[in-house]
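Asks: This structure is in structure tokens; I'll ask about it shortly.
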Amino acid sequence: MDIPVAPPEAYENYFVQELAPIGGSLVGSFFVGVIPLILLLLLLGAFRMPAHFAAISGLIVCIFIAIFAWHMPAKQAFLAIANGLVFANWPIMWIVFNAMNVYNTAVHSGIFDIFRRWMLTNAPPDRRVFLVLIAFSFCAILEGVAGFGTPGAICSALLVSLGFKPLDALTFVLLFDTTPVAFGALGIPVTTLARLTNIEASAISAMLGRQLPLFSLFLPLYALFFYCGFRAGVIECWPLALVAGVSFAVVQGIFANFVGPELPDLLSGLVSLFAIVIFVQFWKPPYREEFRAFLVANPATGGSAQQQDNKSSVIVNSAGNNSVRSSISDNGSRQQQENGESQPKTQTAFVENVAEPHRDPNVDPDEETGELSKPPTTAELVKPTLYETIIAWSPWIIIVVLVVIWTFAGVSKYGEQMVQIPNLHGRVWLTLYDKPYDAIWDFQPLATGTCILVSAILFDIIVLLYGGKPIIFWYAFRDTCKQLVYADITVSAIMAFAYLYNYSGIVYTVGLTLAQVGRAFPFLSAWIGWVGCFLTGSDTSANSLFGNLQVVAARQIGLSTVLMAATNTSGAVTSKMISPQTLTTGVSTIGMRGKEGHVLRRTILHSIFFACLIGAMACIQQYLIPGIIPPWGDNEAAA
């Protein structure tokens, strides 16, 4: 094939990207260009190196290849890296940090425990219901706020506290946490992809809104079938799956198509959660002893449904003891009451291993599942009052309302600065497109992360009014920093890698080579995203690595750039469940550290199946129903 070349005059004023720098061979250049990606795969998958070390190693190798093989000037190479670093930390990690800080404040103040108790007392004690309620709906809410692996860890631990085997809990949370990933962290994967490909974020969001809701619709029934079997999962629970799937898919599709990428997860999760809670007040699955839910003690505190610093209530009925309800408050406003007094509505549950406050959370009693063996003791949870319910839901309500106002009022545009990266902006020649390459950092001091910070401040005021101590905020800040230090290093290194990969021209060589598959590319497109998320553990990072590659290949073949960019994102979500980083984060919270292989064996076939479906869907949309592709965006896409 004819390889595009730059005009002679471009060499005078620009660094010219070479498409076949290795001996003039496109295929030879392709194999050199993918060395950093293969290295990432080996370090993460084969050698199980921590993600931040693997990302830094891949970046270092990419630097050498960009400078010595693609002949990029060292100064411009490091400026491209700097451009990626600033974008990684503002806006990406700025959003994640503030969202995680809200969650940690809720945990340390005890408000998250009340929220947990609200869920447990508003649904029947059946693990099939909690599987959908928590792993599907609530996980989507958390994914919409923070993303980046946090929701899976939180929801897995929550399910384990309800009597799920740790292996089952993590497996099905990862299975459910697929369709929300594309819009995670208030749409960061989509906005990042839009920034790198110069396609409108609204177009990518709309395309995703015409792919992922189809999976959201059937995902609850699919997971229930594999968790419970055909009779207990499908025949007995199809109404639950229908309510959850329809409510989630409809809201996700509407907001992705008509609003943007920021809110589909938050609102679809909230609507689905409340739809399930309301539905199970009138319908319950047939009782099965094997799916009875019970509470498992928190190994860190020894409590079951209460913590000594939290506002929570539980009745524990153990042999030889009278039932006593303790209502514990930081400000001492409530006192102990004997069981004979008037009490709020209670619900029977079970508490496992109440007296194990010092159990090492990394000890796994069962070699494969981590299941604890001690029998449960009966407990009754006290249903939160209306006041407590409002307090428990306050952080999520504040975030949703404020983000809606922030988005529609265009607050993020105030004070916006378009910062041109010196010696990089307009100094790189895009040989494939025959034009200069822009290098602009869109700095928005009032970006979505700042909106979350304002939400956090409002929530802090509620915590103080509710009796929380100011020291709580320090504890939350400390935990957030500890939790995100390595995540920040990883995201920064991956974004630096991605920007260098783009500005050096390596991505255009790889994309031009892959474009030779022709009409089969839409199916391959899903697998490119699949590989990206497997390598990085993040849909955002997968879009950073391969989003522009997809656009380059699509332009060469004559396919829709919007569809291929969106398919990269959709394909990426299907490998989130098998990514080494995701597995490592998940097992560390449920007492199965070092057992990633057990989870991988449970999820790998689902991941492959979903990726094939996404690829097939992309082919159908491109060739059979092209009218489903948003008409805007394609003509805007550039390098």
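Asks: Taking the condition of being at pLDDT 90 or above and part of a loop (DSSP other than H, G, I, E, B), how many residues in segment 9-20 meet it?
Replies: 5
Asks: Please name all residue pairs, on different chains or six or more residues apart, with Cβ atoms under 6 Å, provided the first residue is in segment 3-15 and is closer than 17 Å to A69 by Cα and the second residue is β-branched (V, I, T) and open to solvent by 40 Å² or more (accessible area, probe 1.4 Å).
Replies: Once the first residue is closer than 17 Å to A69 by Cα and sits in segment 3-15, no partner that is β-branched (V, I, T) and open to solvent by 40 Å² or more (accessible area, probe 1.4 Å) comes close enough.
Asks: For I67, only one of the following conditions fails: (1) assigned to a helix (DSSP H, G or I); (2) under 26 Å from the mean Cα position of the chain (by Cα); (3) farther than 30 Å from Q417 by Cα. What is its number?
Replies: (2)
Asks: For segment 437-456, check the following and say yes or no: at least one residue is of a type outside the set (A, V, I, L, M, F, W, C), in a strand (DSSP E or B) and either in contact with a Cys (Cβ under 8 Å, 6 or more places away or on another chain) or open to solvent by less than 40 Å² (accessible area, probe 1.4 Å) (or both).
Replies: Keep residues of segment 437-456 that are of a type outside the set (A, V, I, L, M, F, W, C), which gives 437-438, 442, 444-445, 448-450, 455.
After this cut, where a residue has to be in a strand (DSSP E or B) as well, the list is 437, 442.
Okay, now just the ones that are also either in contact with a Cys (Cβ under 8 Å, 6 or more places away or on another chain) or open to solvent by less than 40 Å² (accessible area, probe 1.4 Å) (or both), so 437.
Yes, some residue in segment 437-456 is of a type outside the set (A, V, I, L, M, F, W, C), in a strand (DSSP E or B) and either in contact with a Cys (Cβ under 8 Å, 6 or more places away or on another chain) or open to solvent by less than 40 Å² (accessible area, probe 1.4 Å) (or both).
Asks: Exactly one condition in (1) under 26 Å from the mean Cα position of the chain (by Cα); (2) modelled with pLDDT under 90; (3) open to solvent by less than 50 Å² (accessible area, probe 1.4 Å) is not met by L381; state its number.
Replies: (1)
Asks: For segment 121-131, name all the residues that are in contact with a helix residue (DSSP H, G or I) (Cβ under 8 Å, 6 or more places away or on another chain), under 30 Å from G468 (Cα atoms) and part of a helix (DSSP H, G or I).
Replies: Of segment 121-131, the ones in contact with a helix residue (DSSP H, G or I) (Cβ under 8 Å, 6 or more places away or on another chain) are 122-123, 126-131.
Now drop any that are not under 30 Å from G468 (Cα atoms), which leaves 122-123, 130.
If the condition is that a residue be in contact with a helix residue (DSSP H, G or I) (Cβ under 8 Å, 6 or more places away or on another chain), under 30 Å from G468 (Cα atoms) and part of a helix (DSSP H, G or I), then F130 is the only one that fits.
Asks: Looking at F172 and the list (1) at pLDDT below 90; (2) closer than 30 Å to P125 by Cβ; (3) under 18 Å from the mean Cα position of the chain (by Cα), which single condition is not satisfied?
Replies: The number of the failed condition is (1).
Asks: One residue is enough: does segment 214-224 have a residue meeting the conditions under 19 Å from the mean Cα position of the chain (by Cα) and within 23 Å of T407 (Cα to Cα)?
Replies: no
Asks: Which condition breaks for N423 when tested against (1) open to solvent by 50 Å² or more (accessible area, probe 1.4 Å); (2) at pLDDT below 50; (3) not aliphatic (A, V, I, L, M)?
Replies: Every listed condition holds for N423 apart from (2).
Asks: Looking at segment 1-29 only, could you name the residues that are polar (S, T, N, Q) and either open to solvent by 60 Å² or more (accessible area, probe 1.4 Å) or touching a strand residue (DSSP E or B) at 6+ places or on another chain (Cβ under 8 Å) (or both)? It would help to see each step written out before you state the result.
Replies: Filtering segment 1-29 down to residues polar (S, T, N, Q) leaves 13, 17, 25, 29.
Hits for segment 1-29 are N13, Q17.
Asks: Does L186 satisfy the criteria of being touching a Gly at 6+ places or on another chain (Cβ under 9 Å), open to solvent by less than 30 Å² (accessible area, probe 1.4 Å), touching a residue at least 24 places away in the same chain (Cβ under 8 Å) and farther than 23 Å from A526 by Cβ? Break it down stepwise before answering.
Replies: On the way: touching a Gly at 6+ places or on another chain (Cβ under 9 Å): yes; open to solvent by less than 30 Å² (accessible area, probe 1.4 Å): yes; touching a residue at least 24 places away in the same chain (Cβ under 8 Å): yes; farther than 23 Å from A526 by Cβ: yes.
Taking the combined requirement at face value, the residue satisfies it.
Asks: Oh, and also: So which residues in segment 232-283 are assigned to a loop (DSSP other than H, G, I, E, B) and either touching a Lys or Arg at 6+ places or on another chain (Cβ under 6 Å) or open to solvent by less than 20 Å² (accessible area, probe 1.4 Å) (or both)? Break it down stepwise before answering.
Replies: The first filter runs over segment 232-283 and keeps only residues assigned to a loop (DSSP other than H, G, I, E, B), leaving 236-237, 259-263, 280-283.
C237, G260, P261, L263, V280 - these are the residues of segment 232-283 that are assigned to a loop (DSSP other than H, G, I, E, B) and either touching a Lys or Arg at 6+ places or on another chain (Cβ under 6 Å) or open to solvent by less than 20 Å² (accessible area, probe 1.4 Å) (or both).
Asks: Still on this model: Go through segment 507-535 and give me each residue that's open to solvent by less than 10 Å² (accessible area, probe 1.4 Å) and either under 28 Å from the mean Cα position of the chain (by Cα) or aromatic (F, W, Y) (or both).
Replies: Once the filter is applied, which keeps residues that are open to solvent by less than 10 Å² (accessible area, probe 1.4 Å) and either under 28 Å from the mean Cα position of the chain (by Cα) or aromatic (F, W, Y) (or both), segment 507-535 yields V507, Y508, V510, G511, F521, P522, S525, A526, G529, G532, C533, L535.
Asks: Sort through M72, M93 and tell me the only one that's open to solvent by less than 60 Å² (accessible area, probe 1.4 Å) and assigned to a loop (DSSP other than H, G, I, E, B).
Replies: On the way: M93 fails: assigned to a loop (DSSP other than H, G, I, E, B).
Exactly one residue qualifies, and that residue is M72.
Asks: Which ones in segment 30-59 are touching a residue at least 24 places away in the same chain (Cβ under 8 Å) and open to solvent by less than 30 Å² (accessible area, probe 1.4 Å)?
Replies: From segment 30-59, those touching a residue at least 24 places away in the same chain (Cβ under 8 Å) are 30, 32-37, 40-41, 44-45, 48, 50-52, 55-56, 58-59; that's our starting set.
Correct list: G33, V34, P36, L37, L40, L44, A51, H52, A55, G58, L59.
Asks: Among the residues of segment 21-57, how many are modelled with pLDDT of 90 or more and in a helix (DSSP H, G or I)?
Replies: 12
Asks: Of these, I81, I67, I63, which one is surrounded by 17 or more Cβ atoms within 10 Å (Cβ to Cβ) and under 30 Å from F477 (Cβ atoms)?
Replies: Just a single option satisfies the conditions, and that option is I81.
The values are calculated or read from the model by the stated rules, or taken from the named source; none is laboratory data. Only a predicted model underlies this, so the values are computations on that prediction, with no experimental measurement involved. Cβ atoms come from the backbone with ideal geometry, glycine included; neighbour counts cover every protein chain shown. When the accessible area is computed, the model is the full protein with side chains, heavy atoms only, and any ligands, DNA or RNA have been set aside. Shrake-Rupley method; radii C 1.70, N 1.55, O 1.52, S 1.80 Å.
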